[in-house]
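Everything on this sheet refers to the single structure shown next.
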Amino acid sequence: MKTIKGVCIGLGYFSKFHLEAWLRLEQVEITALCDTNLALAEQTAQRLGIASAYSDYNEMLNHEKPDFVDIITPPETHKELCTIAAQKGIAIICQKPLAPSLEASEEIATMISQYGIRMMVHENFRFQPWHREIKKILESKTIGEDLHQIHWHMRMGDGWQEDAYMNRQPYFREMKKLLMYETGIHLIDVLRFLGGEINNVFAKLYRYNTNIKGEDAAMVLCDFKNGGTAIIDANRYNESNAQNPRLTFGALRIECNKGSIHLQEDARIVIKPLGRPELEHVYRFEDKNFSGDCVYYTQKHFIEQLHSGKPFENDVLAYLSNIKVLEKVYESAKKGIPKTIN
């Protein structure tokens, strides 16, 4: 396979996980970095052995002529950056949230389609090794073929302090939509990955820390189109007992007609067939980079599909289903009634 050349835009908190993963991937060469802070771009490029640094993304794209661009910037910048890349015929992998609204997300997807550019959303939770393994177990029908319930219990414990989020992502404090918009979108995507399309939601959102502007807790009931229900029971205020609550981002319990699967917060998977003792399911994962190395696996998938021409799991058009569910979550919470996803 030929080497694929890429560039990265945005050097905020999460970019370090992207960059570390790109540098481990074979047949990938990151030729340049771009950030509005040129000194940061230069320092990061020099430290990682990347050839060039820019503060102007247009200049970078014109000069480097990359095969792809990795957009690691805030969602309100995505439409402009994706448009420029698409006009230049450059493939795109873009961080979530895709855009501040469903309308803006649809505009990006339509524009990408018009230019015939390949674009994937960097939705990495579904690439965590435990979720890939659980998907295999469900497909094997070890615990049955009829889904009853998925229960996601998440307690991050990083949002109760008076100065919550300041040390890592201070902009969280100003976001009017926080937990579901920034973190819950991951959970929605994993639920769709494991259970299929969601056609109805009923949500209650809460703000426990009055020093921030957005919600930091949620209870969301989701109905799957093909049967079964999911419960998102999440907050970033209360604490988990896990040594690292950012490994699996919570505990997951899945119940079907012949048994259950329990993902524990240390990433162990336990299977309990009905009428039989529970057994630990042995599989391989590494606690490296971010959350089971899921950033690496996300980007590996992107490169593999670029080479093969096969569809991305989170192609920008397919990803709109997540945004539609998210919009209905906020609408349901505001109106206090269940909402159907169109």
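The numbers here are math on the coordinates, done by the rules we state, and not lab data. It should be emphasised that the depicted structure is a prediction, and the values quoted were computed from it without experimental measurement. Because the Cβ atoms are built from the backbone with ideal geometry, glycine has one as well, and the counts that use them run over all protein chains shown.
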Under 20 Å from a point 7 Å along the Cα-to-Cβ line of residue 27: which residues of segment 285-312 have their amide N that close?
295-312
Suppose the chain between residue 244 and residue 318 were pulled fully straight at 0.36 nm per residue; how much longer would it get relative to their current alpha carbon spacing?
23.5 nm
Take the alpha-carbon positions of segment 4-117, form their convex hull, and give its projected area averaged over all directions (one quarter of the hull surface) in nm².
6.5 nm²
When the charge dipole of segment 1-137 is computed with +1 on Lys and Arg Cβ and -1 on Asp and Glu Cβ about the Cα centre, the Cα farthest towards its positive end, among 124, 37, 94, belongs to 124
If packing is taken as the average number of other Cβ atoms within 10 Å across a peptide's residues, how do 213-219, 293-299 rank, most packed first?
293-299, 213-219
Per its Cα gyration tensor (rounded if a/c is under 1.5, else prolate when a/b beats b/c, else oblate), segment 190-342 is best filed as rounded
Cβ crowding within 10 Å averaged over residues, with 28-36, 302-310 ranked highest first:
28-36, 302-310
About the Cα centre of the chain, how large is the charge dipole given +1 on each Lys and Arg Cβ and -1 on each Asp and Glu Cβ? Please answer in debye to the nearest 20.
660 debye
Cβ-based net charge around residue 28, under 12 Å, with every Lys or Arg adding one and every Asp or Glu removing one
-1
Going through the cross-link list 135/328; 288/339; 177/300; 79/324; 16/79, which pairs have a Cα-Cα distance over 28 Å in this structure?
288/339; 177/300
Going by amide H atoms built from the backbone, whose H comes under 5 Å of the H on residue 293, apart from near neighbours?
288
What FRET efficiency do you get for residue 258 and residue 175 if R0 is 56 Å and r is their Cβ-Cβ distance, rounded to the nearest 0.05?
0.85
Can you compute 3J(HN,Hα) from phi for each residue in segment 92-104, using the Karplus curve 6.51 cos²θ - 1.76 cosθ + 1.60 with θ = phi - 60°, rounded to whole Hz and x for Gly and Pro?
10, 10, 10, 4, 8, x, 4, 7, x, 8, 5, 4, 5
Taking only C-alpha pairs under 8 Å that are 6+ residues apart, what is the relative contact order of the chain in percent?
18 percent
The extension gain from residue 65 to residue 153, computed as 0.36 nm times the residue separation minus the Cα-Cα distance, is 27.2 nm
Rounded, prolate or oblate (a/c below 1.5 giving rounded, otherwise prolate when a/b exceeds b/c) for the chain by Cα gyration tensor:
prolate
Separation of alpha-carbon centers, segment 180-212 and segment 88-103, rounded to whole Å:
20 Å
Simple spin-label estimate for residue 2 and residue 266 in nanometres, 7 Å along Cα-Cβ:
4.9 nm
Using a Förster radius of 41 Å, what is the FRET efficiency between residue 208 and residue 48 based on their Cβ-Cβ separation? Nearest 0.05, please.
0.60
At most 12 other Cβ atoms within 10 Å and a DSSP loop assignment: could you name the trypsin sites (Lys or Arg not before Pro) in segment 144-204 that fit?
168, 176
What FRET efficiency comes out for the pair residue 280/residue 226, r = Cβ-Cβ distance, R0 = 22 Å, nearest 0.05?
0.15
